[in-house]
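Peer 1: Okay, here's the structure, questions in a sec.
The values are calculated or read from the model by the stated rules, or taken from the named source; none is laboratory data. Treat the numbers as computed from the prediction; the structure is a model and nothing was measured. Here the Cβ positions follow ideal geometry from the backbone for every residue, glycine too, while neighbour counts run over all protein chains shown. Accessible surface is based on the protein model in full, side chains and every heavy atom, while ligands, DNA and RNA are left aside. Shrake-Rupley method; radii C 1.70, N 1.55, O 1.52, S 1.80 Å.
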Amino acid sequence: MKNEVLSKTIHEVSADLKAKKVSSVELTKAALDHLEEIEPKVQSFITITRDEALKRAAEADQRLASGKDVTPLTGVPLAIKDLLCTKGIRTTCASRMLETFVPPYNATVVEKLYEAGAVSVGKTNMDEFAMGSSTESSFYKKTRNPWNLNCVPGGSSGGSAACVSSDQAFGSLGSDTGGSIRQPAALCGIVGLKPTYGRVSRYGLIAFASSLDQVGPFAKDVEDCGLLLGAIAGQDPKDSTSADLPVPDYAAEMKKGVKGLRVGIPKEFFPAGLNQEVADAVKKAIVELEKQGAKVEEVSLPASPYGLAAYYVLAPSEASSNLARYDGVRYGLRVPGENIVEMYSKTRAAGFGPEVKRRIMLGTYALSSGYYDAYYLKALKVRRLIKQDYDKAFGKVDVIATPTAPNPAFRFGEKTGDPLSMYLEDVFTVSINITGLPGLSVPCGMSESGLPIGLQLIGKAFDEATLLRTAYAYEQATEWHKQKPALKES
Amino acid sequence: MPTEYEPVIGLEVHCELKTATKLFCGCRTTFGNEANTQVCPVCLGLPGTLPVLNEKAVEYAVKIGLALNCTIAQYAKMDRKNYYYPDLPKAYQISQYDKPLNYGGYLEVPLKEGIKRIGVTRAHLEEDAGKLVHAGGKAGRLDSSDYSLADYNRGGIPLVEIVSEPDIRSADEAYAYLTELKNILLYIDVSDCNMEEGSLRCDANVSIRPKGTEKFGTRTEIKNMNSFKFAKQAIEYEIKRQAALLDKGERVVQESRLWDVTENKTKTMRSKEEAHDYRYFPEPDLVPIILSGDYVRKIKDQLPELPGAKRARFASKYGLTAYDAGVLTADQELAHWFEEGAKHTKSPKGLANWIMGDMAAKMKEQEKELKDLEFDQKKLGELVDLMEAGTINSKQAKEVFAEMFDAGVSPAEVVKSRGLAQVSDPKAIEGAVDKVLSENPNVVADYKGGKQGVIGFLVGKVMQASRGKANPKLVNEILKKKLDA
């Protein structure tokens, strides 16, 4: 029987913890019991860390009792995507390659959550090495969408989205390289934020595409999203690409309302043939913002249709290099061979799934001598053009509103046979990674079949505050985020 | 008539920088510690770890660039060089591809024929790989060993790769280039340049072409030579091997070769067909390196006088030959020692001779370094001046030097206490000469009969009579005067 406290948000339950209405150990036990009870249906987790969670919960209770260093996350059970390194807890990237890999260090974001007193209940399922949009490429299991168990939760951070949507955790961390936070957040009916590249440390995030990867939060509402972002953001001396910029007080910033805010609508994101329910829901959301005093105007991002093509050159190129270290020599899977080359090829043949192999081959090809200029260099040029488009648009508007995903959650197997149709899932999200800008998805509707739809808000570099402010204003006027999935098949 | 060939040689030198910590992490760089004790998640390339550039390494690399007359990049970046090998934990080396820190420089190399300018294409920063030990099977080969052990202590130590233009025309020139380069690196104090420990390593690109032609021949690359002597031998061998091939009408195959120390020949390592495609691309985990003019100027101001300039100055200021100036500046410490000494003598040239002669020989014999010497420059200068003034002769000077070297005593005191001062009083010498002449009438007759060579015998007699103290020059003069009178 699910404890009702689990339906609460972080800011609500944090108040309960501080008021001693509930202890972190009680809360964590309840969360773990519920997690384990529904896990056979949802399958959000690769590793559940009950003992570790209860230990941290007990520590959090001491902290709460002392009243010292209490943060809004102290004692709150969260979940962590299984590509963020956790000291002493295996970190698999949903790959057979890393089935036995136990990092001797924490990712900086994990360290920050621990410092804030948060509790982690486990490591969530994902597409193998974050390559996919449905979490179907995991070596371990298929996570199911809590709104319809026959549908995918999106990906690659499918487990992190599904566990928050189904109250297995109060919030979670994911990573977003081409849409891997925003798209599953949209498909699971929760809030997800990809911060500006450089806003959050990547140290300990197992790399897919280093120039695009960014860690970000999943949350039940916008306020929680801001709390989580505040906890993980900031410069890290271990990550040279993290930005030396102050982190605003998001909780205060987000409540300032949208009166006078300029919202841009790019026509390229509403193509003919866009799912009608998605288009309608997003347009209604824009009307709601207008109602609250925002000024809406059309903007143009003419190069954005080339974003997907550029992305599928840049991301696999970096991935082909990032994943070369999995060679069976030092850690992870090793399949013995007659000689070193045979060991390499047998290990990598057995350790990686088909989607990972496909991308390694794509990237290796694109970087090969004689092809570099035609692919990688060209993609970099497209990247610059897209960035110029956004710079121009942000000269006129403060935030850009689009659909997050082209359609609601799809069924298992629907796109696995056709990689290109799967890649098109990222069509509205990838250009944000390419430009490094922040993007947020907030629930904005339901399809007729009862599947959530997400509104994507795109902001200026390092202006997550405006995204949160826009989403918060919208959320206050709507009820989408309060709906709970039934964990049923249909 | 056989074709005469001209060798075309370019050198790539890898120099390990002597920073306290590695290029991208805080691990120590000490040589020779127990395997895998100087490693961390970053230099082991564990998943999720990120490199952070060592500022000191950039400074040292820029120092090298400046000492080699390079242009220092205002904008440089790091790139990934992708290849699989078990000593490379990330399966890529972080190096520099199209935007190196230093480029377009040169090195002036002293040759017998004079100074030759050899171009330096670039000097870029990169990380070193680990070390493998192959056990069993065919020794030394990864593929055929029973197993291999990997030590990552060296992995991630900063290297600067210095690439020369193909301006070198003989093995001797290559040797001279390497010697001068090493000297410069030691002068600017950025590397131990210890070849046994691998902190200086060298690859050579060698081709030959018929003399007088422009077009380059097919080149081979001789990899990983860890001594200048081997480099010279390998290049000499390779030139002969290629010439023999061309003379037979065969062609040179473009490939990497290794110098086999036991067989004294180069051997095929891998052919071009097996060559890697390194798939270079910009390292996304690091930001570009932007160097301001101020930063570069500050480093430039810290550069010491370099060997070439010091050589020229020594030759002109102290009247030394090019060779002597070269020997004295080959070691910065020695050059400094000499220059301190020059302040204490009227004859720097005489001082130089002592340093390179008796002093060097005795130091070598007793395995002493400058800091171990019992005497200082002032004392050696004193000795030089005593001899130059004719107070003691060269034979006496050697005795005084020996005593000074062993006991650190002052030469003037030795001369005094042992009564060694040379007799330069013509009257005293005249007496001795007269005595010898009167005692050897037959010899005097021989001289007068035309056998002028016998004067040497007479000089010897006079010297003997004076117990070696007489000024030999004066003895000679007086004898001659009296005999010819």
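Peer 1: Give all pairs with beta carbons closer than 9 Å in which a residue from segment A:415-427 that is open to solvent by 80 Å² or more (accessible area, probe 1.4 Å) meets a residue that is not in a helix (DSSP H, G or I); count only pairs at least 6 apart in sequence or on separate chains.
Peer 2: A:L424/A:S133; A:L424/A:P406; A:L424/A:K415
Peer 1: Here's something else I'd like to know. Return the pairs, sorted by first residue and then second, in which the second residue is basic (K, R) and surrounded by fewer than 17 Cβ atoms within 10 Å (Cβ to Cβ), the first residue lies in segment B:80-91 and is more than 7 Å from every other protein chain (Cβ to nearest Cβ), the beta carbons are less than 8 Å apart, and the residues are 6+ apart or on different chains.
Peer 2: If the second residue must be basic (K, R) and surrounded by fewer than 17 Cβ atoms within 10 Å (Cβ to Cβ), the pairs left are B:D87/B:K131.
Peer 1: If you don't mind, there's one more thing I want to ask. Considering each of B:I72, B:I118, B:I94 in turn, give the residue that is within 14 Å of chain A (Cβ to nearest Cβ), surrounded by 18 or more Cβ atoms within 10 Å (Cβ to Cβ) and either on the phi > 0 side of the Ramachandran plot or hydrophobic (A, V, I, L, M, F, W, C) (or both).
Peer 2: Values: B:I72 fails: within 14 Å of chain A (Cβ to nearest Cβ); B:I118 fails: within 14 Å of chain A (Cβ to nearest Cβ).
Just one listed residue meets the conditions, B:I94.
Peer 1: What tally of residues in segment B:322-366 results from selecting those that are of a type in the set (D, E, K, R), part of a helix (DSSP H, G or I) and open to solvent by 50 Å² or more (accessible area, probe 1.4 Å)? Don't jump to the end; show me each part of the working.
Peer 2: Step one: of segment B:322-366, the residues of a type in the set (D, E, K, R) are B:324, B:331, B:333, B:339-340, B:343, B:346, B:349, B:358, B:362, B:364-365.
Now restrict to residues that are part of a helix (DSSP H, G or I): B:324, B:333, B:339-340, B:349, B:358, B:362, B:364-365.
Checking the rest, the ones that are also open to solvent by 50 Å² or more (accessible area, probe 1.4 Å) come to B:333, B:340, B:349, B:364-365.
Of the residues in segment B:322-366, 5 are of a type in the set (D, E, K, R), part of a helix (DSSP H, G or I) and open to solvent by 50 Å² or more (accessible area, probe 1.4 Å).
Peer 1: Quickly run through segment A:20-43 and pick out the residues that are part of a loop (DSSP other than H, G, I, E, B) and either among the aromatic types (F, W, Y) or open to solvent by 60 Å² or more (accessible area, probe 1.4 Å) (or both).
Peer 2: If we filter segment A:20-43 for residues that are part of a loop (DSSP other than H, G, I, E, B), which is where we start, we get A:20-23, A:43.
Passing the criteria: A:K20, A:K21.
Peer 1: Of the residues A:C85, A:C93, which single one is touching a helix residue (DSSP H, G or I) at 6+ places or on another chain (Cβ under 6 Å), closer than 17 Å to A:Y326 by Cα and open to solvent by less than 10 Å² (accessible area, probe 1.4 Å)?
Peer 2: A:C93
Peer 1: Please work out which one of (1) more than 48 Å from the chain's Cα centre (by Cα); (2) surrounded by fewer than 11 Cβ atoms within 10 Å (Cβ to Cβ); (3) under 18 Å from B:Q422 (Cβ atoms) is the condition B:D484 fails and give its number.
Peer 2: Tallying (1) more than 48 Å from the chain's Cα centre (by Cα); (2) surrounded by fewer than 11 Cβ atoms within 10 Å (Cβ to Cβ); (3) under 18 Å from B:Q422 (Cβ atoms), B:D484 fails exactly one: (3).
Peer 1: From the list A:T74, A:T135, pick out the single residue that is touching a Gly at 6+ places or on another chain (Cβ under 6 Å), of a type outside the set (D, E) and farther than 19 Å from A:S157 by Cβ.
Peer 2: Numbers: A:T135 fails: farther than 19 Å from A:S157 by Cβ.
The unique qualifying residue is A:T74.
Peer 1: Considering each of A:Y365, A:Y331, A:Y371, A:Y344 in turn, give the residue that is at pLDDT 95 or above, within 14 Å of chain B (Cβ to nearest Cβ) and open to solvent by 70 Å² or more (accessible area, probe 1.4 Å). Explain how you work it out, then say what you get.
Peer 2: On the way: A:Y331 fails: open to solvent by 70 Å² or more (accessible area, probe 1.4 Å); A:Y371 fails: at pLDDT 95 or above; A:Y344 fails: open to solvent by 70 Å² or more (accessible area, probe 1.4 Å).
Just one listed residue meets the conditions, A:Y365.
Peer 1: Only one of A:I46, A:I80 is over 20 Å from A:L149 (Cα atoms) and outside any loop (DSSP other than H, G, I, E, B); which? First the steps, then the outcome.
Peer 2: Working: A:I46 fails: over 20 Å from A:L149 (Cα atoms).
Answer to the check: A:I80.
Peer 1: Ok, one more. I'm told A:T124 meets every condition in (1) closer than 24 Å to A:E37 by Cα; (2) within 14 Å of another protein chain (Cβ to nearest Cβ); (3) open to solvent by less than 10 Å² (accessible area, probe 1.4 Å) except one. Can you identify the failing condition by its number?
Peer 2: (2)
Peer 1: What single numbered condition from (1) touching a residue at least 40 places away in the same chain (Cβ under 8 Å); (2) of a type outside the set (G, A, S); (3) crowded, with 20+ Cβ neighbours inside 10 Å fails to hold for B:P426?
Peer 2: Of the numbered conditions (1) touching a residue at least 40 places away in the same chain (Cβ under 8 Å); (2) of a type outside the set (G, A, S); (3) crowded, with 20+ Cβ neighbours inside 10 Å, the odd one out for B:P426 is (3).
Peer 1: Restricting to strands (runs of 3 or more DSSP E) lying wholly in segment B:197-302: which have 1 or more residues that are without any contact (Cβ under 8 Å) to a residue 12 or more places away in the chain and away from chain A (no Cβ under 14 Å)?
Peer 2: Details: elements: B:200-210, B:220-225, B:255-260, B:265-271.
Hits in segment B:197-302: B:255-260, B:265-271.
Peer 1: If you scan segment B:404-431, which residues turn out to be more than 20 Å from B:V475 (Cα to Cα), of a type outside the set (D, E, K, R) and part of a loop (DSSP other than H, G, I, E, B)? Steps first, please.
Peer 2: Our first condition is that a residue be more than 20 Å from B:V475 (Cα to Cα); within segment B:404-431, this holds for B:404-418.
When the remaining residues are screened for being of a type outside the set (D, E, K, R), the result is B:404-405, B:407-412, B:414-415, B:417.
Scanning segment B:404-431 gives B:G408, B:V409, B:S410.
Peer 1: Another question about this same structure. Among (1) over 35 Å from the mean Cα position of the chain (by Cα); (2) surrounded by 13 or more Cβ atoms within 10 Å (Cβ to Cβ), which single condition is B:P441 missing?
Peer 2: Among (1) over 35 Å from the mean Cα position of the chain (by Cα); (2) surrounded by 13 or more Cβ atoms within 10 Å (Cβ to Cβ), the lone unmet condition for B:P441 is (2).
Peer 1: Name the pairs: first residue in segment B:104-117 and more than 30 Å from B:Q74 (Cβ to Cβ), second residue of a type outside the set (A, V, I, L, M) and in a strand (DSSP E or B), Cβ to Cβ under 7 Å, at least 6 apart or on different chains?
Peer 2: Listed pairs, sorted by first residue: B:I115/B:E108.
Peer 1: Separate question: Could you tell me which of the residues A:F139, A:F208 is out of contact with any Cys (no Cβ under 6 Å at 6 or more places or on another chain), among the aromatic types (F, W, Y) and surrounded by 24 or more Cβ atoms within 10 Å (Cβ to Cβ)? Show your work before the answer.
Peer 2: Details: A:F139 fails: surrounded by 24 or more Cβ atoms within 10 Å (Cβ to Cβ).
None of the other options fit; the residue is A:F208.
Peer 1: For segment B:367-390, state whether one or more residues are at pLDDT 85 or above, at negative phi, among the polar types (S, T, N, Q) and crowded, with 17+ Cβ neighbours inside 10 Å.
Peer 2: Applying the first criterion (at pLDDT 85 or above) to segment B:367-390 yields B:367-388.
Next, from what is left, pick out any that are at negative phi: B:368-388.
Adding the requirement that they be among the polar types (S, T, N, Q) leaves B:377.
Going one step further and asking which of them are crowded, with 17+ Cβ neighbours inside 10 Å, we end up with B:377.
There is at least one residue in segment B:367-390 that is at pLDDT 85 or above, at negative phi, among the polar types (S, T, N, Q) and crowded, with 17+ Cβ neighbours inside 10 Å.
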